[in-house]
Amino acid sequence: MRNWAARLIGAVAAAGALSTVVLIGTAAANDNSDDIVTVPVSFQVSNVNHSKVACTSDGRRYTVRGNIVAPRSVLSGDHPALTIYTHGLSYNGASFFHFTDVPGYDYVTEQAKNGHASLEFDLPGYGDSDVLKDGHQLCYGSEATIIHQMIGQLRSGHYDTDGEDPVAFRKIALAGHSAGGFTVQAEAYSFHDIDELIVMSFADQGFSPLLLTTTGVTTLRCTLGGDPKPGDPGTTGYAYFGQTDADYRAGHLHNTDPDVAAAATENRVKDPCGRIGSAVPNAASDIALLATVHVPVLLVYGKNDALFQDNPVGTPLQKAHYLGSNDVSNIFLPDTGHALTLERTAPQMREQVSDWLDRHGL
């Protein structure tokens, strides 16, 4: 049972008295661990760009892999709902949303304890998904198209599972962290096939000097060809977003347990260069087209994010882009940096997102 502080947060938001929720307490999640299942899943997709973002891709077929983590009772219910979580730069799905190196930071499992079904997955070129030979050939528009294909398969139940019958989901929310915000926003206004949208640690303005510098250095490295993907010497066109461990920590971590920080730094990955290269056209499309998104939207930020600034033209302005939705909420988390799931405030963040999912039938 959630404590009184979490209930108060949910009541205030549900009443519509405030559309901005500020972290005010710690809540303990329901623990129904015996009911939770982790189902490995895979999707056959084409790396094509049918989105409204102008960028290039290789058009090849890839297998995208991930895990659905959920209460079994949700998967066997009459109207199952799912939230898809899309990772940003420096991470794959598991290293951000399914982090198990230190207990208490596994976002999707903790949300399953709260009664929610989640899909974390790796984009092509990351983690367990197929290797992208040329990292320049993946872009935010093609990522949006890949997710659109995944959503069609999830709604129809036509995807592959390991040891479980695939579930056809009636309701689907789409979430993206950091640069994954580019991807999920583009998916939302290009295809209009989701029921809710969550954007975490991302805005189309308010870029900090650190973000601009890091982007510039990474862009230069990619312009010079980039590097092989670690462990795959036949690849090209990959680069770290933040060239050193210190760069990564400065951008992503603020109020972080030392063991979590060490594991997260060890887990960081090189990114396909095409993601960096398609940021400018994606930002332009966002500003022009986010007003065509009509579903409920949740924006989640750490107030100490070193990459996106909390000022009148930074993260607060993002809400104003969603003129077509009559349900747009902000969560601002004090003493919290960019890597929301890895901060000491992760339990409070999860609880507030869980309350929003509850209110929206997810």
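The values are calculated or read from the model by the stated rules, or taken from the named source; none is laboratory data. Remember, it's a predicted structure, so these values are computed and weren't measured experimentally. Ideal geometry is used to build each Cβ from the backbone, glycine not excepted, and the neighbour counts take in all protein chains shown. All accessible areas refer to the heavy atoms of the entire protein, side chains included, with ligands and DNA or RNA removed. Shrake-Rupley method; radii C 1.70, N 1.55, O 1.52, S 1.80 Å.
If only the Cβ of Lys and Arg carry +1 and only the Cβ of Asp and Glu carry -1, the dipole of the chain around its Cα centre is close to 700 debye. Phi angles of segment 48-61 translate, via the Karplus equation with coefficients 6.51, -1.76, 1.60 and θ = phi - 60°, into HN-Hα couplings of 10, 10, 10, 7, 8, 9, 7, 6, 9, 8, 8, x, 7, 8 Hz per residue; Gly and Pro are given as x.
Taking amide H atoms as placed 1.01 Å from N in the peptide plane, the amide H of residue 293 lies under 5 Å from those of 324, each 5 or more residues away in sequence or on another chain.
A cut-off of 5 Å between modelled amide H atoms, ignoring neighbours fewer than 5 places along the same chain, links residue 83 with 117, 118, 119, 173.
Under the rule a/c < 1.5 gives rounded, and otherwise a/b versus b/c splits prolate from oblate, where does segment 212-342 land using the Cα gyration tensor? If you can, show how the numbers build up before the last one.
Numbers: a/c = 2.32, a/b = 1.35, b/c = 1.71.
Oblate, since a/c reaches 1.5 and b/c is not below a/b.
Accessible area per residue was computed with a 1.4 Å probe on protein heavy atoms; residue 190 scores about 20 Å². Here the 3J(HN,Hα) profile of segment 274-282, calculated from phi with Karplus coefficients 6.51, -1.76 and 1.60 at θ = phi - 60°, is x, 5, 4, x, 9, 5, 5, x, 5 Hz, Gly and Pro shown as x. Positive contributions from Lys and Arg (+1) and negative ones from Asp and Glu (-1), summed over other residues with Cβ under 10 Å from the Cβ of residue 173, come out at -1.
Shape call for segment 168-207 from the C-alpha gyration tensor, a ≥ b ≥ c root eigenvalues: rounded (a/c under 1.5), prolate (a/b greater than b/c) or oblate? Prolate, since a/c reaches 1.5 and a/b exceeds b/c.
Given contacts defined as C-alpha pairs under 8 Å and at least six residues apart, what's the relative contact order of the chain, whole-number percent? Spell out each step's value before the answer.
Working: 850 pairs, mean separation 77.0, N = 362.
So the answer I get is 21 percent.
Ordered by 1.4 Å accessible area with all protein chains kept, 317, 82, 323 run largest first as 323, 317, 82. Net charge of the neighbourhood of residue 311, taken over other residues with C-beta under 15 Å away and scored Lys/Arg +1, Asp/Glu -1, is -1. Considering only 121, 70, 149, the residue lying farthest towards the positive end of the dipole of the chain is 149, judged by Cα position with unit charges set on Cβ.
Of all the options 244, 218, 345, the one that moves most in a Gaussian network model of the chain with Cα springs shorter than 10 angstrom is 244. Considering lysine pairs in the chain that are 8 or more places apart or on different chains, how many have Cα atoms under 16 Å apart? Close lysine pairs found across the chain: 4.
For residue 133 and residue 72, FRET efficiency with R0 = 30 Å and r from the beta-carbon atoms, rounded to 0.05?
Values: r = 38 Å, r/R0 = 1.28.
After rounding, the FRET efficiency stands at 0.20.
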